[in-house]
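Single-structure report; data block below.
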Amino acid sequence: MSNATTVYQLCTGCALAVAYGDMSGLNTENTAEVVDFMADHGLLVPATDDVHGRWLCECCGLGQLDPARTFTTTAA
């Protein structure tokens, strides 16, 4: 049986929410999306690689230009 790993690219505000439960850095218009993402994906752990360039945060859905904070989960 092998483990499947999924990687998510999160903006800094969402990364703080997912890692520490700190919702203070979120755009209040996107709080519901972040809470739903956290409920759907469970515990995520920081990965080592950060992605640079233009991308969409997979948590709040907002377009980003800053580096992404990558998080991963391992499913058995």
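Readers should treat all values here as calculations from the given coordinates under stated rules, not as data from a laboratory. Fair warning: this is a prediction, and the values are worked out from it, not measured in the lab. Quick reminder, even Gly has a Cβ in these numbers, built from the backbone with ideal geometry, and neighbours come from all protein chains shown.
Kindly provide the Kirkwood hydrodynamic radius of the stretch 4-75 in Å, to one decimal, from all pairs of distinct alpha carbon atoms.
One decimal place: 12.0 Å for the Kirkwood radius.
Compute a Gaussian network model of the chain, connecting alpha carbons closer than 10 Å, and tell me which residue from 19, 47, 32 fluctuates the most.
32
Once you keep just the Cα pairs under 8 angstrom separated by 6 or more residues, what percentage relative contact order results for the chain?
45
Just from its helices, what would the mean residue ellipticity at 222 nm be for the chain, if runs of 4 or more DSSP H residues each count -39500 (n - 2.57) and the sum is divided by every residue, rounded to the nearest 500 deg cm²/dmol?
Estimated from H runs of four or more residues: -7500 deg cm²/dmol.
If amide H atoms are built 1.01 Å from N in the plane of the peptide, which residues on other chains or at least 5 residues away come under 5 Å of the amide H of residue 68?
Long-range HN contacts for residue 68: 51, 52.
Note down the net charge around residue 12, summing +1 for each Lys or Arg and -1 for each Asp or Glu among other residues with Cβ under 14 Å from its Cβ.
-3
Cβ under 14 Å from residue 30's Cβ, residue 30 left aside: what net charge do those residues give with Lys, Arg +1 and Asp, Glu -1?
Within the 14 Å Cβ shell, the charges total -4.
Once amide H atoms are placed 1.01 Å from N in the peptide plane, what residues at a sequence separation of 5 or more from residue 62, or on another chain, have their amide H within under 5 Å of its amide H?
Distant-sequence amide H within range of residue 62: 57.
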